[in-house]
Amino acid sequence: MTVSSAYGPLGLSLFGGEVNYEADVIKAMLLTSSYVVNQDTHRYVADVSAAELSGAGYTAGGLQVTSKTVTYDAANNRVKLTCDNLQWTGTTWLDVKYLVFYDADSGALLCYVDFETVQSTNNSPFTYLVPADGILTMTIV
């Protein structure tokens with residue numbers, strides 16, 4: 001099971017005009033277990049990039065996210081961000097623990113996925129299946 005959480009300063013980035021999920025280039029970056037999550041202060045890629053993965057089948061900066069959508073569920077007062085599943089091919093990694101979604105145009109962090117255990121590959125694809133609730137669901141209260 002994976003746990004997905006928004007970075008706290010995302011609200012500042014959204015309302016400050018730094019993030020437009022549908023119009024901007026959104027990327028998914030993989031981080032190693034050396035990353036120490038700080039949900040309250042990490043706001044930009046520079047805050048997490050020291051822990052970015054390096055290995056066969058991975059390009060610095062991560063993958064560009066495709067088929068992005070933003071939907072609103074009025075019955076539950078929720079906004080949901082979705083995208084296509086992600087796949088890295090021909091990978092050989094030993095230490096992947098986090099996946100971070102960010103706005104490549106501004107560098108603003110959106111959310112992170114904690115795989116809870118270290119993921120490794122040996123010359124095989126690495127796939128992240130986007131949950132039915134999307135990469136991020138926000139309740140509007």
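Around the Cα centre of the chain, unit charges on the Cβ atoms of Lys, Arg, Asp and Glu (plus for the first two, minus for the last two) sum to a dipole of about 140 debye. Counting only DSSP H runs of at least 4 residues, each contributing -39500 (n - 2.57), and dividing by the residue count of the chain, the helix-based mean residue ellipticity at 222 nm comes to -1000 deg cm²/dmol.
For the pair residue 84 and residue 132, the difference between a 0.36 nm per residue extended length and the Cα-Cα distance amounts to 16.2 nm.
The packing ranking of peptides 64-70, 41-47, highest mean first, is 41-47, 64-70, where packing means the average number of other beta carbon atoms within 10 angstrom of each residue.
Across the stretch 124-141, rounded Karplus estimates of 3J(HN,Hα) from the backbone phi angles (6.51 cos²θ - 1.76 cosθ + 1.60, θ = phi - 60°) give 9, x, 10, 10, 10, 8, 5, x, 4, 7, x, 7, 7, 10, 10, 8, 9, 10 Hz, Gly and Pro being marked x. Spin-label pair residue 50-residue 95: with each label point 7 Å from Cα along the Cα-Cβ axis, the two points sit 1.4 nm from one another.
Laboratory data are not the source of any read-out in this text; all were calculated from the coordinates shown. On a predicted model such as this, the values are computed, not experimentally measured, just so you know. Every residue, glycine among them, receives a Cβ derived from its backbone with ideal geometry; neighbour counts consider all protein chains shown.
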